[in-house]
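Note sheet for the following structure.
The values are calculated or read from the model by the stated rules, or taken from the named source; none is laboratory data. This structure is a prediction, so every number in the text was calculated from the model and none was measured. Cβ sites come from the backbone with ideal geometry, for glycine too, and all protein chains shown count toward neighbours.
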2 protein chains.
Amino acid sequence: MPSDKNIEPTISDGHASAPPKAAKKILDVAYDLFYRRGIRAIGVDEIVKRAGVTKPSLYRSFPSKDELAASYLRQYDLEYWERFDEAVAANPGDPRAQIKAFLTRIGKRTQVADYRGCGMTNAAVEYPDHSHPARVVSEANKQELRRRLRAMAAAMGALDPDTLGDGLLLLIEGAYISGQLFGLGGPAQSVARNADLLIEASLKK
Amino acid sequence: MPSDKNIEPTISDGHASAPPKAAKKILDVAYDLFYRRGIRAIGVDEIVKRAGVTKPSLYRSFPSKDELAASYLRQYDLEYWERFDEAVAANPGDPRAQIKAFLTRIGKRTQVADYRGCGMTNAAVEYPDHSHPARVVSEANKQELRRRLRAMAAAMGALDPDTLGDGLLLLIEGAYISGQLFGLGGPAQSVARNADLLIEASLKK
DNA sequence: ATGTATACGTACCGACCGGTAACATTGTCA
DNA sequence: TGACAATGTTACCGGTCGGTACGTATACAT
């Protein structure tokens, strides 16, 4: 599989004005459009038009639209764990506070009129086929999220860490979805409070 | 808006062999395909082919594909509240048991390899535009679900009924989504247990 | 200056999208 | 038998889909 054609193999861009790299512009535009309006809803023509490039440029950097969608999600994955790790780093050694910080942030992000939820979740809904490149990335992201939540539930001292970890995952996914369903004033604003109640009820006495 | 062309306005079908009604076959096939594979993923050609009818027949009964999708969701809505009311009727006067029965059922339904979640939720993810006919139906269904859950939380005697109702909604949506993300053995199997823990932690002492 | 490699643009492909026009066929009831 | 409504048949529309063949421009090394 010679798919070495991806992003930024160039040197180090030492001095001024390196060529803006068509592939990067394409991925940036695709990221925005795929996330906001859905992958199936966006055609490659619109992507190249908004990126100011042409279609062959897209297909020189990405083997197919499906693979471009997978690249979008790989980028999303990176930024997702950045946000997660920020909440963790802000509360060292206190998994319960880490969760609370992460969920408070999610709860806030959902409180805008056009919130679009989680790009990973949305992609999985759009592509039920488990072998689709985008879905493969999405499922891996969710498996990792589950793993981390269960580990943190164990670190909190939960009676049944796997159940608590999964409960937190359900609340998080519920926040992503109901955030885009209800918009402002929706149920997602209470995700941190509900999570804390669930944690309290799940700890060893 | 003369959209009186829908389903079954015919008399009572007293005796044998009423014409099988193309509109019903179309809606049945569309229901199955839209739900299992997504609305955007299915073209009208495939629907009419699988239904054994022709395209003009579809457009005589439904003004557009978008409206057919909305009709699919209206049918989904009917069956959704049937299932909900079953769980309610099975536990008269006991809202906590009603919730538990409903969530136990959801948890079980998610435990198959190709579970596809909630048709309402999926449609909202596919159509971010709030004015889309399918999304209008979806949002109405979720508003009603929220209303009922909050009312039941109040009937349980929760300290903060709106927060508990919303927490249950988050768990339910999380179960729908993680059911299709993880399949067998996923977090959705614990939705009833987590809901019961959350309820326990939310009641007046 | 010239070769070479890489990045880009023009123009095009067949297939499918949702949707329609015009007409033939059928079954049902009066 | 005749009239009506529902369905089927065939052919078609413009637009968009994802994807590509092929020629051109630019940059750099020699």
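Numbers below:
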| item | result |
| --- | --- |
| Counted residues, the range B:36-58 - those being near DNA strand C (Cβ under 9 Å from one of its atoms) and within 14 Å of another protein chain (Cβ to nearest Cβ) | 5 |
| Filter result (in contact (Cβ under 8 Å) with a residue 40 or more places away in the chain, small (Gly, Ala, Ser) and closer than 21 Å to B:Gly93 by Cα) within the range B:148-205 | B:Ala153, B:Ala155, B:Gly157, B:Ala158, B:Ala192, B:Ala195, B:Ser202 |
| Selected residue (criterion: nearest to B:Tyr127 (Cα to Cα)) from residues of the range A:34-58 that are within 18 Å of the chain's Cα centre (by Cα) and among the basic types (Lys, Arg) | A:Arg37 |
| Meets criteria (more than 30 Å from A:Gly157 (Cβ to Cβ), more than 12 Å from DNA strand C (Cβ to nearest atom) and surrounded by 16 or more Cβ atoms within 10 Å (Cβ to Cβ)) for A:Tyr80 | no |
| Check on A:Ser61, within 16 Å of DNA strand C (Cβ to nearest atom), polar (S, T, N, Q), under 17 Å from A:Leu27 (Cα atoms) and at pLDDT below 95 | yes |
| So A:Val53, is it among the aliphatic types (A, V, I, L, M) and either part of a loop (DSSP other than H, G, I, E, B) or within 20 Å of A:Asn194 (Cα to Cα) (or both) | yes |
| Criterion (modelled with pLDDT of 95 or more, part of a helix (DSSP H, G or I) and buried (at least 20 other Cβ atoms within 10 Å of the Cβ)) met by exactly one of B:Leu33, B:Leu73 | B:Leu73 |
| Filter result for the condition that a residue is out of contact with any helix residue (DSSP H, G or I) (no Cβ under 8 Å at 6 or more places or on another chain) and over 19 Å from A:Phe182 (Cβ atoms), over B:Gly179, B:Gly157 | B:Gly157 |
| Any hit, the range A:50-61, residues being touching a residue at least 40 places away in the same chain (Cβ under 8 Å) and either of a type in the set (S, T, N, Q) or under 23 Å from A:Leu181 (Cβ atoms) (or both) | yes |
| Residues (crowded, with 19+ Cβ neighbours inside 10 Å and at the interface with chain A (Cβ under 9 Å from one of its Cβ atoms)) located in the range B:136-148 | B:Ser138, B:Lys142, B:Arg146 |
| Unmet criterion (only one of (1) closer than 23 Å to A:Leu198 by Cβ; (2) crowded, with 23+ Cβ neighbours inside 10 Å; (3) more than 7 Å from chain A (Cβ to nearest Cβ)) for B:Leu169 | (3) |
| Subset of the range A:62-97 (residues that are closer than 19 Å to A:Tyr176 by Cα and polar (S, T, N, Q)) | A:Gln75 |
| Residue check for B:Pro95: farther than 25 Å from B:Tyr127 by Cα, surrounded by 14 or more Cβ atoms within 10 Å (Cβ to Cβ) and in contact (Cβ under 8 Å) with a residue 60 or more places away in the chain | yes |
| Residues of the range B:113-172 satisfying the condition of being under 28 Å from A:Tyr127 (Cβ atoms), of a type in the set (Gly, Ala, Ser) and part of a helix (DSSP H, G or I) | B:Gly119, B:Ala123, B:Ala124, B:Ala134, B:Ser138, B:Ala140 |
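A quick yes/no check of all residues on (1) within 16 Å of DNA strand D (Cβ to nearest atom); (2) aromatic (Phe, Trp, Tyr); (3) modelled with pLDDT of 95 or more:
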| residue | (1), (2), (3) |
| --- | --- |
| A:Ile39 | yes, no, yes |
| A:Lys55 | yes, no, no |
| A:Tyr80 | no, yes, yes |
| A:Asp85 | no, no, yes |
